[in-house]
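Trainee: Let me give you the structure first, and then I'll get to my questions.
The values are calculated or read from the model by the stated rules, or taken from the named source; none is laboratory data. Computed from a predicted structure; not experimentally measured. Note that we place each Cβ from the backbone using ideal geometry, even for glycine, and neighbour counts take in every protein chain shown.
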Amino acid sequence: MKHIFEIGRYWLFVKDLFTRPEKWPVFWQQVLVEMESMGFGSLVIVAINSIFMGAVITIQSAYNLVSPAVPLSAIGIVARDSIIIEFSPTIIMMVLAGKIGSSISGEIGTMRVTEQIDALEIMGINSASFLVFPKIFAAIFILPFVVILSMFMGVFGGWIAGDLTGVVPSADYLKGIQDSFLPFNVFFALVKTVTFAYIITSVSAYHGYFTDGGSLEVGKASTKAVVYSNILILLFDYILTMLFLA
């Protein structure tokens with residue numbers, strides 16, 4: 001019953017996001033602030049993860065594809081598709097769920113326990129729409145660009161690792177990443193990114209918005225936000241893969 005209650009309250013919360021929105025100048029100003037925080041604030045951790053994971057994927061692919069019958073360019077193909085289809089849109093978004101999700105939940109949860117949200121509602125402001133909707137909009141818009149950057153950095157990291165370790169020459173790797181490229185894979189990755197961006201922001205904001213208690217509960221809400229976001233990312237990763245690729 002508790003899970004049914006939580007699901008119902010979540011959808012009522014989502015409905016409130018689109019009720020009585022704030023004036024557009026105020027909304028867009030907040031969206032720009034959130035885009036800077038989520039996008040530019042995540043570039044370093046995304047770049048580091050992407051470069052090293054691209055390197056690991058390339059080296060592991062070379063290790064598993066050791067056969068005279070398999071051309072070295074196949075390593076580039078495997079690394080490219082693994083990074084584009086799964087690593088960048090899914091693993092990077094799970095990393096961002098920890099960074100962005102915990103931040104959103106902690107911020108809104110703190111506002112709840114310090115009664116700042118109550119003050120907004122007393123002033124006649126729709127607190128859910130004012131605090132959460134700009135975050136969702138900003139994440140859906142900016143995170144696809146972050147994921148595209150992750151794709152490039154992952155492929156670049158694989159190229160550097162392959163060349164430095166000698167497991168795949170640059171010419172073969174570059175030939176592989178250009179061979180049989182399907183633009184649909186990028187489209188599929190961006191669909192997953194937009195879905196996961198909504199999940200991270202809405203679920204994290206929900207847990208923060210309904211925090212009840214003190215600072216200890218704010219920490220618990222942040223933990224639950226990250227856990228549930230990651231579970232839902234994996235669930236919808238499976239669902240979207242079945243819908244698009246099965």
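Trainee: Would you confirm whether any residue within the range 68-76 is assigned to a helix (DSSP H, G or I), modelled with pLDDT under 90 and surrounded by fewer than 17 Cβ atoms within 10 Å (Cβ to Cβ)?
Mentor: Within the range 68-76, none of the residues are assigned to a helix (DSSP H, G or I), modelled with pLDDT under 90 and surrounded by fewer than 17 Cβ atoms within 10 Å (Cβ to Cβ).
Trainee: Ok, one more. Which ones in the range 42-55 are surrounded by fewer than 17 Cβ atoms within 10 Å (Cβ to Cβ) and in contact (Cβ under 8 Å) with a residue 40 or more places away in the chain?
Mentor: Leu43, Ile45, Phe52
Trainee: Could you go through the range 95-102 and let me know if any residue there is touching a residue at least 60 places away in the same chain (Cβ under 8 Å), farther than 20 Å from Thr241 by Cβ and over 13 Å from the mean Cα position of the chain (by Cα).
Mentor: Checked against the condition, which is being touching a residue at least 60 places away in the same chain (Cβ under 8 Å), farther than 20 Å from Thr241 by Cβ and over 13 Å from the mean Cα position of the chain (by Cα), the range 95-102 yields no hits at all.
Trainee: Oh, and also: Filter the range 157-189 for residues that are of a type in the set (Asp, Glu) and not in a loop (DSSP other than H, G, I, E, B); which is nearest to the chain's Cα centre (by Cα)?
Mentor: That would be Asp163.
Trainee: Continuing with this model, one more query. So if I check each of Val186, Val155, which one is touching a Gly at 6+ places or on another chain (Cβ under 8 Å) and under 21 Å from Ile57 (Cα atoms)? Can you show your working first?
Mentor: Values: Val186 fails: touching a Gly at 6+ places or on another chain (Cβ under 8 Å).
Being touching a Gly at 6+ places or on another chain (Cβ under 8 Å) and under 21 Å from Ile57 (Cα atoms) holds for just one of Val186, Val155, which is Val155.
Trainee: If the Cβ limit is 8 Å and pairs must be 6+ apart or interchain, which residue in the range 5-24 that is closer than 17 Å to Ile200 by Cβ and modelled with pLDDT under 85 pairs with which residue that is surrounded by 13 or more Cβ atoms within 10 Å (Cβ to Cβ) and of a type in the set (Phe, Trp, Tyr)?
Mentor: Leu17/Phe133
Trainee: So, Ser82, is that one farther than 20 Å from Val227 by Cβ, buried (at least 16 other Cβ atoms within 10 Å of the Cβ) and within 24 Å of the chain's Cα centre (by Cα) or not? Even if it seems obvious, please write down each step before you answer.
Mentor: Details: farther than 20 Å from Val227 by Cβ: yes; buried (at least 16 other Cβ atoms within 10 Å of the Cβ): yes; within 24 Å of the chain's Cα centre (by Cα): yes.
For Ser82, the condition - farther than 20 Å from Val227 by Cβ, buried (at least 16 other Cβ atoms within 10 Å of the Cβ) and within 24 Å of the chain's Cα centre (by Cα) - is met.
Trainee: Now a separate question. Search the range 63-90 for residues that are under 20 Å from Ser170 (Cβ atoms) and pair each with any residue that is among the basic types (Lys, Arg) and part of a helix (DSSP H, G or I) when their beta-carbon atoms are under 6 Å apart and the residues are at least 6 apart or on different chains.
Mentor: Taking only residues 6 or more apart or on different chains, the pairs are Ser73/Lys175.
Trainee: I've got another one for you. Given the options Tyr228, Tyr206, name the one that is at pLDDT below 95, touching a Phe, Trp or Tyr at 6+ places or on another chain (Cβ under 8 Å), crowded, with 17+ Cβ neighbours inside 10 Å and in a helix (DSSP H, G or I). If you could, list the steps in order and put the result at the bottom.
Mentor: On the way: Tyr228 fails: touching a Phe, Trp or Tyr at 6+ places or on another chain (Cβ under 8 Å).
Exactly one residue qualifies, and that residue is Tyr206.
Trainee: Which residues, counting only those in the range 116-145, are modelled with pLDDT of 85 or more and charged (D, E, K, R)?
Mentor: Lys135
Trainee: While we're looking at this one, here's another question. Which one of these does Val113 not meet: (1) at pLDDT 90 or above; (2) over 21 Å from Asn49 (Cα atoms)?
Mentor: (1)
Trainee: Return the residues of the range 86-106 that are surrounded by fewer than 20 Cβ atoms within 10 Å (Cβ to Cβ) and of a type in the set (Val, Ile, Thr); say none if nothing qualifies.
Mentor: Correct list: Ile91, Val95.
So that you can scan it fast, the table gives a plain yes or no per residue for (1) more than 18 Å from Gly158 (Cα to Cα); (2) in contact with a strand residue (DSSP E or B) (Cβ under 9 Å, 6 or more places away or on another chain); (3) of a type in the set (A, V, I, L, M):
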position: Met53; (1), (2), (3): no, no, yes
position: Ile57; (1), (2), (3): no, no, yes
position: Ala69; (1), (2), (3): yes, no, yes
position: Ser82; (1), (2), (3): no, no, no
position: Ile85; (1), (2), (3): no, no, yes
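Trainee: Based on what the data block shows, is Glu36 under 26 Å from Asn230 (Cα atoms) and acidic (Asp, Glu)?
Mentor: Here the answer is yes, as Glu36 does meet what is asked.
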